[in-house]
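A.B. asks: Please read through the structure below; I'll follow up with questions.
Rule-based calculations on the coordinates, nothing more; no lab input. Please read all numbers here as calculations on a predicted model, not as lab measurements. Counting neighbours? That spans all protein chains shown, and the Cβs are built from the backbone with ideal geometry, glycine included.
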Amino acid sequence: MSVALRIVYLLAGLAVIFLGLNVGFGGIRTLGWQGGTDFLAVTDPGLFAVRDSHVRFLGGVWLGLGLTLCAATWKPAALKSTVLAICGMVFVGGVVRLVSTGLAVVTGPDLLQPLILELAAFPALALWTWKSAPNA
């Protein structure tokens, strides 16, 4: 397996870990690592707490996916199927993003880069993994 692919696993994993920590420990408001946190007003604190807990859970899932990508740096054969599944999940997330907030929002300057990563880079990583990583 190429060193370049292992480096991509590590870099992708670290980026996903960064995002997972930001949302997992910061909730809907995040920890602010990607910008300001003062972008909403809570009108129902009880409902906000429930929704915030769900978002924290999703941040934790994202954190787990990032840790798994990092682990694939050292165990590529054992985690090949898992990396392929992660790439597929990220692609599905990008597709859902397209239908959830409207095309004008996701193709704007704040979301275009993540959208390209989700819809192009992660499928490319899956293809590279499929062709390069040894089977377990």
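A.B. asks: Angle between the Cα long axis of helix 122-132 and the longest principal axis of the chain, 0 to 90 degrees, nearest 10?
C.D. replies: Helix 122-132 sits at roughly 20 degrees to that axis.
A.B. asks: With θ taken as phi - 60° and the coefficients 6.51, -1.76 and 1.60, list the Karplus ³J(HN,Hα) couplings across the range 92-108 in order, rounded to whole Hz; mark glycine and proline as x.
C.D. replies: 4, x, x, 5, 5, 4, 4, 8, 8, 10, x, 4, 5, 6, 6, 9, x
A.B. asks: Inverting the mean 1/r over all pairs of different Cα atoms, compute the Kirkwood radius of the range 64-133 and quote it in Å. Intermediate values should be presented prior to the final figure.
C.D. replies: Numbers: mean 1/r = 0.0785 Å⁻¹.
Across the range 64-133, the inverse of the average 1/r is 12.7 Å.
A.B. asks: If the only charges are +1 at each Lys and Arg Cβ and -1 at each Asp and Glu Cβ, what is the size of the charge dipole of the range 40-136 around the Cα centre, to the nearest 20 debye? Could the numbers behind the result be given before it?
C.D. replies: Working: 6 positive and 4 negative charges, 78 e Å.
Dipole about the Cα centre, nearest 20: 380 debye.
A.B. asks: Relative to the first principal axis of the alpha-carbon coordinates of the chain, what is the inclination of helix 3-24, with its axis defined by its Cα atoms, in degrees from 0 to 90 and to the nearest 10?
C.D. replies: Roughly 20 degrees, rounded to the nearest 10.
A.B. asks: Work out, in µm²/s and without decimals, the Stokes-Einstein translational diffusion coefficient of the chain at 20 °C, 1.002 mPa s, Rh from Kirkwood over C-alpha pairs.
C.D. replies: Working: Rh = 16.0 Å.
Approximately 134 µm²/s, per Stokes-Einstein.
A.B. asks: Now a separate question. Please name which of G36, L79, G94 has its Cα lying farthest along the dipole of the range 12-122 towards the positive end, using unit charges on Cβ (Lys, Arg +1; Asp, Glu -1) and the Cα centre as origin.
C.D. replies: Farthest along the dipole direction, towards plus: L79.
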